[in-house]
Structure formats: C-alpha cells, structure tokens
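Scroll down for the structure; my scribbles are underneath it.
The numbers here are math on the coordinates, done by the rules we state, and not lab data. Owing to the predicted nature of the structure, the values given are computational and were not obtained by experimental measurement. Heads up, the Cβs are rebuilt from the backbone with ideal geometry, glycines too, and the neighbour counts pull from every protein chain shown.
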Amino acid sequence: MATHLKPGDPAPAFEALTTEGQKVSLSDYRGKKLVMYFYPHDDTPGCTKQACSLRDNMAPIAEKGAEVLGVSTQGVESHQKFTKKYGLNFPLLADTEGTVGRAYGVLGGGGIVAKLKSALGAADRVTFVIDERGRIANIIQKPDVARHAGEVLDLL
C-alpha cells in the first residue's frame with residue numbers, strides 16, 4: 001500500500017502518547033524538522049534494525065535540525081520495553097487506535113493483504129520527513145531497515 005500523501009502536502013495533524021506517556025502533537029514540532037517513521041511492531045527483527053540505525057545516528061540527525069518519532073500501534077508499555085531493551089534515544093508514539101497511521105495512509109486500505117495487516121494492527125513501513133512548517137518534505141516508501149538513518153540523513 002502506498003500512502004496518498006506526497007511531498008509538499010501538509011502533514012496530517014496528530015496527537016497521541018509517547019513512550020514516556022506524554023501527549024504530543026504535530027504542532028509540538030513546528031519550527032523543527034521531524035522524521036516520523038511508521039513501523040509494524042515493536043521488537044521484531046526488521047523494526048529493531050530500523051530503530052537501532054536511527055538510535056546510532058541521532059547526533060548527525062540532530063545536527064541537521066531534526067527530531068525522530070517512531071509510530072506503531074502498540075501501547076506505551078510495549079514501547080517502554082522496546083526502548084529500554086535497545087536503549088532507544090527518541091520517543092515512540094503509541095497509535096493504539098490506528099488514527100495516526102490511517103491519517104498518513106500507512107494503515108488500512110484496499111486489498112486482502114492491507115485488510116489483514118490492518119486487522120493485525122500492523123502499519124506499513126514508511127518514513128515521512130516533515131519540514132519546519134509542517135509540510136511533508138520527503139517520503140521513504142520502502143526504507144532499508146539496516147541503513148535507514150543514512151537514507152534519512154541524505155534527505156535532511
């Protein structure tokens with residue numbers, strides 16, 4: 001499933017709880033670049049590689065004026081365990097109702113595979129780079145989990 005969003009579009013507003021149980025919204029990132037990546041499930045091989053790639057490159061990402069926010073449908077407790085186990089240094093958003101994923105077009109859609117993934121609460125693996133004005137600057141439709149931070153840095 002491909003997202004319906006494209007570069008230049010306003011990023012859909014969102015509000016949800018982070019790993020720490022703090023409520024955040026898109027407006028909290030206004031004036032900063034935001035790397036918002038959607039992933040299927042905490043503590044699975046691909047999702048772990050992707051998160052660790054970003055973790056290990058937070059300094060150069062921050063030097064380019066960006067923050068990172070991971071999004072999946074697991075709850076705060078699952079995100080806390082995942083964060084602690086791998087020493088993640090950025091927040092994860094608990095999109096337990098799938099509202100954020102649907103707004104960004106990475107959860108749901110037509111076709112049997114999309115319906116099955118949606119029923120299981122598994123979002124597509126897609127990354128959005130959002131600019132300081134809240135507009136989508138770039139989209140990585142099929143991230144390379146092992147070198148995801150490099151892909152992100154190339155776009156910042």
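General observations
- Count of Lys pairs (Cα-Cα under 17 Å; at least 8 positions apart or interchain) in the chain: 9
- Residue range of the chain that is longest and free of trypsin sites (Lys or Arg not before Pro) which are both DSSP loop and sparsely packed (at most 14 other C-beta within 10 Å): 65-132
- Loop GluC sites (Glu not before Pro), region 2-94, which have at most 16 other Cβ atoms in a 10 Å radius of their Cβ (DSSP): Glu20
- The chain: calculated mean residue ellipticity at 222 nm from DSSP helix runs of at least 4, using -39500 (n - 2.57): -8500 deg cm²/dmol
- Of every Cα-Cα pair in region 15-155, the percent that sits beyond 25 Å: 19
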